[in-house]
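A quick write-up on the structure given underneath.
Where a number appears in this text, it was derived from the coordinates with a stated rule and is not lab data. In this text the structure is predicted, and so the values were computed from the model without any measurement. Glycine also receives a Cβ, built like all others from the backbone with ideal geometry; neighbour counts cover every protein chain displayed.
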Amino acid sequence: MRRRAAVASVIASAGVLIAGFQIGSAVTAARTPSTTGTGTAPGGSASNSGTSGGTSSGSTGTTGSSGSSGPAKDGTFTGATEQTPFGPMQVAAVISGGKITDVKVLQKTNQGGRSVQISNQADPMLRSEVLQAQSANVSMIGGATYTSEGYLMSLQAALDQAGFTG
Amino acid sequence: MTIQNVSRPVLPQSSGNRPSPRARFRRRSAISDLLVVIAWVSGPVAASLYLASGGLADVKNVGSFLTALGIVTGLIGTDFILLMLVLAARVPMIDRAVGHDRAIGLHRQLGKPALYLILGHAVLLLAGYGASSGINPIAEIGPMLTLPDMITAVVGTALLIAVVVTSLVAVRRRFPYEFWHVIHLLSYAAVIFALPHQLSIGGTLAEGTVQRVYWIGLYVLAIGAIVIFRFAVPLFKSWAHDIRVQQVEWIAPDVASIHLTGRDLRALGAAGGEFLIWRFWTAGTWWHSHPISLSAVPTDHRARITVRVLGRGTRRLATVKPGTRVSFAGPYGIFTDAARTSPKLAIVAAGIGITPARALLEGSRLARGEATVLVRSSTDDETFLWSEMRKLAEARGAELFAMVGPRARNSWMSQQDAARGVTLRSVFPDLDRSDLYVCGPQRWAEAVVADARAAGLPEHQIHLESFEL
């Protein structure tokens, strides 16, 4: 290979890799779930639960006394169905005595073979993290980004319905 | 040295308004460099797209690290394989810029790295998935195979191993060409078999991602190049030119010229020195194609190729009946005027290598004294086409030297001339300002090239066309 071509290849390769890395970092930062802060619905305002379709705006969000953390209702609250590249993801939060006592997976990512495997592995890990943190604001599971994202967003919607603010 | 100093008739050889060899060389080398850069950078681009999609964010522990590494090796390996397809597709632009032989040379070099990357991909993902599930990589094989499209991927990998192993020089020599060729055709199947698992498993090429669009584009490009340039164009040209055998003429004990007729054949080998890949449609020969140089620049209705009978395949060729239908692919090669870089032309040819050398001389526009030709043979039987060469040299105002006699040890020259101290420079005094075209049996031709390099001739002034024996 001639020197000119070799030098150009090396420089172009380095440039391409650096650009990829930069874009990747930006994408990752954007993808990390933002801290919980959506619609803190007080007490009884949570309307009928149930799947509220494919958007992430699952919370009913009647504006209430913002910030005042009223006691969360007890019961099972179904989160929104989150669409991921690997299929829908939906969870329900069980709240008892003002605490998250369980997270049930209603729909799990099921498209593309490995995503079922991933979901089976990631779901229990996410559940235990959530129960420990008492929040949907936990770190995502490596290698299961989309699953984690769907899981935590659906959970957040459920918590919003319950008026759960942790 | 048997020197035949040929008188030089003054010929009205206008060199026309074409750019100088130097300018054309710059253009060609710029395209060549660009292609080389694109080829090498496509690997990093594969890795970069993975990074850009946030691949690194998934790396949290050893298992996910191995998985990410496995994905990247798979991507780069696939990129190499697609690159190999493009290089083997005989795309005219690539052929003209870097030459078919260099393209195939790079194709060969990429074979083993591509296979290692694909095998690394499998091993790393087994280890990575295994580590994530807390089981060892061997135990992970079972669950892995239950994933969709994994069976076809494994079959594709097995085919790839077969293709690469049969192409290793040591292995390839043990089998007839046809065996290697049939196995090699399986590489198309390997590529197709491997495709589904890339699209269905894992998130890397998930629907709606930039990477999916990019990779599908690459596949379309590579497979499209093969379909168009390896199949569609040759089929169409063969049909359009409608070539038949007119006559087979033995010109030496083991050398035959095959005269062909057809339509508009001038379009075939506009540049003398090119070769085509021929297929003769008789019961005994249709399944075997042969790369053979044109030994004369074609006229409208006639073309001539000259072939040395080396084995059963070529012997059958020499017995084809007049009227036999002939299909072809090509022309290929840059052993032509188009590859010139310097003001003078030096041609060294031996044995069957005389065929492209003769066509090159015939097809080149030359000023008087621009070209010098050296023809070489071990015995008098090997001097076929020399008389034609002599007439051509006379007509082109070229100087012709001949060198007959057994080869000296450690030299490409005859014993007699080596002993007399003949050198490349004494035959070609203007060597430094010349393009040296070497054509003949591989080892001999390589010896000439080594000699030229030792004499300080830069690489771009050396043009080699070797015949593997």
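Figures for the structure shown
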{"read-out": "Built amide H within the under 5 Å cut-off of B:Ile251, gap 5+", "value": "B:Ala256, B:Ser257"}
{"read-out": "Loop-located chymotrypsin sites (Phe, Trp or Tyr not before Pro) in the stretch B:245-330 whose Cβ has at most 11 other Cβ within 10 Å (DSSP)", "value": "B:Trp287"}
{"read-out": "Between 0 and 90°, nearest 10: helix B:150-167 axis offset from chain B longest Cα axis", "value": "30"}
{"read-out": "Prolate/oblate/rounded call for the protein assembly as shown, Cα gyration tensor, a/c under 1.5 rounded", "value": "prolate"}
{"read-out": "Estimated translational D of chain B in µm²/s (Stokes, Kirkwood radius over Cα pairs; 20 °C; 1.002 mPa s)", "value": "86"}
{"read-out": "Whole-Å semi-axes of the stretch B:242-332's equivalent ellipsoid (Cα gyration tensor)", "value": "19, 14, 12"}
{"read-out": "Mean separation of Cα contacts under 8 Å, 6 or more apart, over the residue count of chain B: relative contact order %", "value": "16"}
{"read-out": "10 Å Cβ neighbours from other chains, averaged over peptide B:30-38", "value": "4"}
{"read-out": "Percent of Cα-Cα distances greater than 22 Å, calculated over the stretch B:65-158", "value": "40"}
{"read-out": "Gyration tensor (alpha-carbon) shape descriptor, the stretch B:152-282, a/c threshold 1.5", "value": "oblate"}
{"read-out": "Loop trypsin sites (Lys or Arg not before Pro), the stretch B:253-328, which have at most 15 other Cβ atoms in a 10 Å radius of their Cβ (DSSP)", "value": "B:Arg263"}
{"read-out": "For residues of B:58-68, the mean tally of beta carbons on other chains within 10 Å", "value": "3"}
{"read-out": "Kirkwood hydrodynamic radius of the stretch B:336-467, Cα pairs, Å", "value": "14.5"}
{"read-out": "Where a label projected 7 Å from the Cα of B:Ala170 along Cα→Cβ would reach, residues of the stretch B:96-137 with amide N under 17 Å", "value": "B:112-113"}
{"read-out": "Ellipticity estimate at 222 nm from DSSP helix runs (n ≥ 4, -39,500 (n - 2.57)) divided over chain B, nearest 500", "value": "-16000 deg cm²/dmol"}
{"read-out": "Cleavage-rule hits (trypsin sites (Lys or Arg not before Pro)) in the stretch B:101-192: DSSP loop, at most 16 neighbouring Cβ within 10 angstrom", "value": "B:Arg173, B:Arg174"}
